[in-house]
Amino acid sequence: MAKLTFKTDKCKGCGLCVDACPKQVLALAKDKINKKGHHPVEAVNEEACIGCAFCATMCPDCIIKVER
């Protein structure tokens, strides 16, 4: 299982990482707002993560770190 780390204060909530994930591990937080005023990404099913790092590759702000 991979470990995901997010810099949530820098996330602009674009959702590109959510769409890129083949295992539906990520979602935009519905109940959280970061310092920029956006709903940041969060792991909702981290145990399903296969460590492909598609999410980190798609993130334009490099806020996701995937450790295998």
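The values are calculated or read from the model by the stated rules, or taken from the named source; none is laboratory data. All of these numbers come straight from a predicted model, not from anything done at the bench. Ideal geometry is used to build each Cβ from the backbone, glycine not excepted, and the neighbour counts take in all protein chains shown. In case anyone asks, the SASA skips ligands and DNA or RNA and just uses the protein heavy atoms, side chains included. Shrake-Rupley method; radii C 1.70, N 1.55, O 1.52, S 1.80 Å.
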So, in segment 1-22, how many residues would count as being over 14 Å from Ile63 (Cα atoms) and either surrounded by 14 or more Cβ atoms within 10 Å (Cβ to Cβ) or under 8 Å from the mean Cα position of the chain (by Cα) (or both)?
3
Of the residues Pro60, Pro40, only one is open to solvent by less than 50 Å² (accessible area, probe 1.4 Å) and more than 21 Å from Met1 (Cβ to Cβ); which?
Pro40
Name the one entry in Val44, Val66 that is among the aliphatic types (A, V, I, L, M), more than 11 Å from Lys12 (Cβ to Cβ), free of Cβ contacts under 8 Å to residues at least 24 places away in the same chain and touching a strand residue (DSSP E or B) at 6+ places or on another chain (Cβ under 7 Å).
Val44
Go through segment 23-37 residue by residue and tally those that are open to solvent by 70 Å² or more (accessible area, probe 1.4 Å) and within 11 Å of the chain's Cα centre (by Cα).
1
Right, Ile33: touching a His at 6+ places or on another chain (Cβ under 9 Å), β-branched (Val, Ile, Thr) and at pLDDT 95 or above or not?
yes
